[in-house]
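Trainee: Please find one structure pasted underneath; my questions will follow.
Nothing in this text is a laboratory measurement; each read-out follows from the coordinates by a stated rule. Computed from a predicted structure; not experimentally measured. Glycine gets a Cβ as well: all are built from the backbone with ideal geometry, and neighbour counts include every protein chain shown.
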2 protein chains.
Amino acid sequence: MSDDRLTRAADRTQAIMRTTLELAQEVGYAKLSIEAVAARTGVGKHTIYRRWPSKGALFLDAVLTPNEPGLHYADTGDIVADLRQQIHAAVDLLGQPPLGPLYRALVGEAQHNPMVAAALNERFIRPQADRTVARLRRAQEQGQLSSEFDLDVAMAILSGPLYFRLLITQEPLTHEYVERVLKVLLAGMTPRP
Amino acid sequence: MSDDRLTRAADRTQAIMRTTLELAQEVGYAKLSIEAVAARTGVGKHTIYRRWPSKGALFLDAVLTPNEPGLHYADTGDIVADLRQQIHAAVDLLGQPPLGPLYRALVGEAQHNPMVAAALNERFIRPQADRTVARLRRAQEQGQLSSEFDLDVAMAILSGPLYFRLLITQEPLTHEYVERVLKVLLAGMTPRP
DNA sequence: CTCTAACGGCACGGCACGTGCCGTTGACAA
DNA sequence: TTGTCAACGGCACGTGCCGTGCCGTTAGAG
C-alpha cells in the first residue's frame, strides 16, 4: 500500500495545523513561531517548511481548513429569512472564540502578506460573497427584490458593518447589531410599485 | 531658552517619524525594523525606544500624526451632499498611495497589538465616527431623516463597505463604488409619510 | 564654569529565522 | 530477502533584529 505513505504525511500535516491553532490561541499570532510549532508537534522544522512557505501560509491553512465548507446557506424561498439566517450564522462563527480572534489575526496578516490575502479571498471571502449574491439574484428574479437593486452593494452592506465592528471598532459582534443592519438594508431593498 | 531643548527633541521626533514612513513605503511594514529607522535617521536606538514602546506604536504615530485633524466635515445644511462629500474624501485619502497602503498595514497591525488598536480607535476611528453620527443627528432633528432611522448603523453602512473593499476583497476603492453604497443607504434613509 | 539630561556609538545576550548535514525509518521494487 | 529512496527527527550553523546595557560627548541650565 502506498496509502500508508500518504496517510502518514497527511496525519503529520493535520497534527502541525492543530498545534498551530493551539499555540496561536495560547500566545497570540504575533508571538507564534514555527520553531515552537515544530517543537510541540515533535517534528523537524523541515517538515513544516516542506509544506508551507511561511508562518502566514501555515496559519491560513490551519484556520481555514477546519472551516472549509464555509457558512451554510439555505434557500427557503424567503430571501429575508435566508439573509437573516446567514448573517446570524456569521456572527456565531466569527464573533466569539475560538474562531473570532484567530480570524481577526488572519485578516491582519493578510494586510502584510499578499499571498495570504489572495488565498483568504479565494478560499473563504469570494465563495461566501458569491453565494450571497447568487441568492439575492434568485430573489430578484422571483420579484422579491426591486429589479434595479444593487446586489453587490447589498452583499457589501451585509458584510461590511460586520467586519467594521470586528476589525476596526472591535466592539462585540451581537445578533442585535446585525439585526439593525438588516433592517436598514431591507428598507432599500423591497420592490417599489 | 528651554525651548531649544524641546525644539531639538521635537525635531528628532519628526525626523524619526518621517524616516519610518519612508522605509515603510520602500520595504513594507512587515520588513520595517527599528534598527533600520535608527540607522537611516542617524540616531541611536535608545532615542527611538525612549519615545515609543514598540514598532507598532511608532508606526501608528508616524501614520496618524500628519493626518491628525481627520477628514474635513462640512455642514452645508444638505445632509446628502455632506455625506457624499465626506465619503468621497475618504476614498481620496485611503484609496490610494501614499496613505492607502500605510493605513492598511496599520489596521493589520491593530489586529495583533491591542495598544495599537486602542490608539487607532481613539485618534482616528472614533472621532470620525462621532462627527458622522453628529451630522446625521442634526439632519434628523431638522426632519431630513426619518425619526426612527438608526444613525449608528447608517454610519457603519457608510464605513463598513469601504473597509470591506480596502481590507478584505482588496479591490480598488473608487468613487463610483461609494456612490452606489450611498444610493442604497439613501433608499432607507428618507423620511416616510 | 559646573552640572545634567539627552544623545550617538558600540557591544552584548537572546531569539527565531531559514538552511544545511547526518543518521534513521519504512514502504516498495528487484 | 535485500537494496533503494524519499521523508523524517535531531542538530548545528550563520544571519538579522530585538531590547538593554555602558561610555564618552554635547549643549543648554543653573
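Trainee: Over all directions, how big on average is the projection of the convex hull of the alpha-carbon atoms in region B:3-51, in square nanometres?
Mentor: For region B:3-51, the mean projected area of the Cα convex hull comes to 3.2 nm².
Trainee: Since chains B and A are linked by a rotation, which residue in B has the beta carbon closest to its axis, and how far is it in Å?
Mentor: B:Gly160, 1
Trainee: Largest first and in whole Å, what are the equivalent-ellipsoid semi-axes of region B:66-187 based on the Cα gyration tensor, each being the root of 5 times an eigenvalue?
Mentor: Over the Cα atoms of region B:66-187, the semi-axes work out to 25, 16, 13 Å.
Trainee: Add +1 for every Lys or Arg and -1 for every Asp or Glu among the other residues with Cβ under 12 Å from the Cβ of B:Glu35, and state the total.
Mentor: With Lys, Arg at +1 and Asp, Glu at -1, the net is +4.
Trainee: Measuring from a point 7 Å out along Cα→Cβ, what nm distances, shortest first, does A:Asp130 have to its partners in the other copies?
Mentor: Sorted ascending, the copy-to-copy spacings read 4.4 nm.
Trainee: Same structure again: Most fluctuating residue of B:Ala39, B:Ala24, B:Ala89 in a GNM of chain B with Cα springs under 10 Å: which is it?
Mentor: Judging by the Gaussian network model, the answer is B:Ala39.
Trainee: Which one, B:Pro161, B:Pro53, B:Pro127, has the greatest fluctuation when you compute a Gaussian network model over chain B with C-alpha springs under 10 angstrom?
Mentor: Highest fluctuation among the options: B:Pro53.
Trainee: Kindly state, to the nearest 0.05, the FRET efficiency for A:Leu93 paired with A:Ser147, given R0 = 35 Å and r defined as their beta-carbon distance.
Mentor: 0.60
Trainee: State, as an integer percentage, the relative contact order of region A:3-51 based on alpha-carbon contacts under 8 Å between residues 6 or more apart.
Mentor: The normalised contact order for region A:3-51 reaches 34 percent.
Trainee: Of the residues B:Thr174, B:Thr13, B:Thr76, which exhibits the maximal mean-square fluctuation in a Gaussian network model of chain B defined by a 10 Å Cα contact cut-off?
Mentor: Largest GNM mean-square fluctuation: B:Thr76.
Trainee: To continue, here is another question. For every other residue with a beta carbon closer than 13 angstrom to the beta carbon of A:Ile87, add +1 if it is Lys or Arg and -1 if Asp or Glu, then tell me the sum.
Mentor: It works out to a net charge of +2.
Trainee: If we count trypsin sites (Lys or Arg not before Pro) as exposed when they sit in a DSSP loop and have at most 14 other beta carbons within 10 Å, what is the longest stretch of chain A that avoids them all?
Mentor: Value returned for the longest uninterrupted segment is A:51-193.
Trainee: For chain A, what is the calculated [θ] at 222 nm in deg cm²/dmol (nearest 500), taking -39500 (n - 2.57) for each run of four or more DSSP H residues and dividing by its residue count?
Mentor: -20500 deg cm²/dmol
Trainee: Quick one: with label points 7 Å out along Cα→Cβ, list the inter-copy distances for A:Gln85 in nm, shortest first?
Mentor: 4.6
Trainee: Pairing the Cα long axis of helix A:99-110 with the longest principal axis of chain A, what angle in degrees results, from 0 to 90 and rounded to the nearest 10?
Mentor: The angle comes out at about 80 degrees.
Trainee: By a straight-distance test (C-alpha under 15 Å), which aspartates and glutamates pair with A:Lys55 as possible cross-link partners, with residues fewer than eight away in the same chain excluded?
Mentor: Correct list for A:Lys55: A:Glu22, A:Glu35, A:Glu109.
Trainee: Could you let me know the centre-to-centre spacing of region B:148-193 and region B:7-60, using Cα atoms, in angstrom?
Mentor: Answer, in whole Å: 36.
Trainee: Inter-copy label distances at A:Ser54, 7 Å along the Cα→beta-carbon direction, one decimal in nm, shortest first?
Mentor: With the label placed 7 Å along Cα→Cβ, A:Ser54 yields 2.0 nm.
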